[in-house]
Amino acid sequence: MRVAITSGKGGTGKTTVSTGLFHVFSKYLKYDVQLLDCDAEEPNCHIFIKSDNVTSYPVNISIPYIDPDKCTFCGKCKNVCAFNAIVMLPAIKFAEVVEDMCHGCGACSYVCPEGAIKELIKPIGRISHYDCHGIDYFIEGRLNVGSALQTRVIRETIDHARQKGVVLFDSPPGTSCPVIAAVSKADYVVMVTEPTPFGLYDLRLMADTVKQLGKKHGIVINKSGLNYKPLYEYISQNKITLLGEIPFKKEYAMAYSKGEILTEYDKGLMDIYIGIINSIFDGQAV
Amino acid sequence: MGKPFEIVVLSGKGGTGKTSITAAFALLAENAVITDCDVDAADLHLILSPVVYKSENFASGSKAVIDRERCTACGFCPELCRFEAIEFKNNGYYVDEYACEGCGLCKEVCPVGAVNILKYENNRIYFSNSRFGPMVYGKLGIAEENSGRLVSRIRQYAQETAKKTRARYILTDGPPGIGCPVISSVTGSDLVIAVTEPTRSGWHDLQRLIEMTGRFKTPVLVIINKYDLNKDMTITIENNLKGKGIKVSGKIPYDETMIRSLLEGKTINEFKPHGTIAYELSRIWEAIV
Ligand code: SF4
Ligand code: SF4
């Protein structure tokens, strides 16, 4: 079963919940679970997960290169490019691909009648595997700074996930393409929110997205304690499962700032996480 | 009157208080056009409660659709699509709308013209007036891609509005992360204010953000929010930034006032005008302008 942990906005505690679930699963329930950091723009799980054996390799795309000697400046490639990535000025015999805008789709080289376009490999990110006793328990997808193709990196990261057992995705926040890339590959979606107007507003968008994708889902309220009624009303009116609430304590924020996994830091949280796990798996997963 | 000064507030990591700080600056700026380019989670309007007078759809992407009547299932397009967006099910080919990037290659290769490229018009741009001045903001349709284009369009409208109202500043609540919408919001702006928090993840993400903005000429200033949550980390961040020649323009203590003002839909400077945070934010703003 694949469980995506996400939130409508960043900073609600998505990574806290992902690493917390991972920790309770593996250390306490002794269940062999794999964690994937799919938040490729800002991958943070590694801060909480230690390993001395990390192997990594690049995520590549093919970027076209236009050979000025073969190009007749017919403009076919420029017209077909859906991303406006080709600049062509026939008057001065200039044709070039703007790498940062190119999605590497290959349409231009397909349509070029002169065979003037060849493709070169360009790395856009990295995937790292963290090992422990030969078990590949954590995989991170990381976007290279300056690249705008986070979605591609996320998809490739998920392609490397285990096919069996429980896999947790720390997915990106929001509702746009990077989130969908992760959430659409999951069986269950955990939406992490906080009891504030921002939290509720973004949760609504997230819940609509998840419903549209037809995924099973539930909510975790992080930093609970602020009695923000509209959030609870929303949850009950829409009959969404409340998986659990993690209280707000300033000391949690402090422990988090140092890169400590909260369940390691405060054993009382363990029960809350076990409750969350039981609700996700209907009490029969582990 | 010259060109307005464009300030974009970013954070790398989400939840650092970027929007609350932008809202306070909107009040302090007095003569600004405000934009929310955090199009995934556009929250600034929850504090500024603007009145919308106009809105429009914005198409930022396209997707392929296969006409099942025409498709002969020759199998050319799934072979060439680089995004694995064409799947075979129920004896025919379908485009997975979430994987398709709308590149149009399948339309080019299809020998029987069975592929159509449709524009997706799910995004909306709102033109409004807030209590601190005109505000332009966007909302990304569910599962939309190319939020970078939506961001560019919002900024373009903000620049037009600023010309009309002779605004001195354009103040943008930018998106989190370092991906395409962030790149679009930094391109051509005059100043980036990066809001961070003294956590290992905050610092990690800030470094990536600074590396990204380093590709542009735009100068960067940093605000450390909740700096007293981990003072050692704050010092590490300050020292490292000094080494990179980046200025920390202010430090804001952890205080529940931030959240309480939010619950009331007010900026911090309205909620507690004489508090430490309001004072610090005014000082930072003065120093910036
Ligand atoms: S590979 Fe695709 S995106 Fe890149 S230049 Fe060619 S047509 Fe445009
Ligand atoms: S438009 Fe491009 S990405 Fe979409 S299905 Fe066709 S070839 Fe694949």
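Some observations on this one:
- Residue in the stretch A:82-90 that is surrounded by 15 or more Cβ atoms within 10 Å (Cβ to Cβ), in a loop (DSSP other than H, G, I, E, B) and either away from chain B (no Cβ under 14 Å) or more than 9 Å from ligand 1 (Cβ to nearest atom) (or both) present: no
- Only one of A:VAL210, A:VAL192 that is facing chain B (nearest Cβ under 10 Å) and either among the β-branched types (Val, Ile, Thr) or outside any helix (DSSP H, G or I) (or both): A:VAL210
- Counting only strands (runs of 3 or more DSSP E) wholly contained in the stretch B:94-178, the ones carrying 1 or more residues that are under 21 Å from B:GLY14 (Cα atoms) and either more than 10 Å from chain A (Cβ to nearest Cβ) or among the acidic types (Asp, Glu) (or both) occupy B:133-139, B:169-173.
- Screening A:LYS223 with (1) more than 10 Å from every other protein chain (Cβ to nearest Cβ); (2) touching a Pro at 6+ places or on another chain (Cβ under 8 Å); (3) not in a helix (DSSP H, G or I) gives one miss only, at (1).
- Top-ranked residue of the stretch A:56-113 - restricted to ones that are under 28 Å from the mean Cα position of the chain (by Cα) and at positive phi, ranked as nearest to ligand 2 (Cβ to nearest atom): A:GLY106
- Of the numbered criteria (1) touching a Cys at 6+ places or on another chain (Cβ under 7 Å); (2) modelled with pLDDT of 90 or more; (3) more than 21 Å from B:GLY148 (Cα to Cα), the one B:ARG70 fails is (1).
Condition check ((1) assigned by TED's automatic domain parsing to the domain that holds B:SER147; (2) under 27 Å from B:TYR98 (Cβ atoms)) across all residues:
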| position | (1), (2) |
| --- | --- |
| B:LEU28 | yes, no |
| B:ASP36 | yes, yes |
| B:ASP43 | yes, yes |
| B:VAL52 | yes, no |
| B:ARG68 | no, yes |
| B:CYS71 | no, yes |
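- Qualifying residue in the stretch B:248-259 (condition: more than 24 Å from B:LEU28 (Cβ to Cβ), modelled with pLDDT of 90 or more and not in a helix (DSSP H, G or I)): no
- Scope the stretch A:252-266; condition more than 10 Å from chain B (Cβ to nearest Cβ) and out of contact with any Gly (no Cβ under 7 Å at 6 or more places or on another chain); matching residues: A:TYR252, A:GLU264, A:TYR265, A:ASP266
- Criterion applied to B:GLY92, B:GLY2, B:GLY17, B:GLY12 was being of a type outside the set (A, V, I, L, M, F, W, C) and either within 16 Å of ligand 2 (Cβ to nearest atom) or at pLDDT 95 or above (or both), and the one residue passing it is B:GLY92.
- Against the test of being touching a residue at least 24 places away in the same chain (Cβ under 8 Å), assigned to a strand (DSSP E or B) and surrounded by 14 or more Cβ atoms within 10 Å (Cβ to Cβ), the options B:ILE47, B:ILE34 yield a single qualifying residue, B:ILE34.
The values are calculated or read from the model by the stated rules, or taken from the named source; none is laboratory data. This is a predicted model, so every value here is computed, not measured. Quick reminder, even Gly has a Cβ in these numbers, built from the backbone with ideal geometry, and neighbours come from all protein chains shown.
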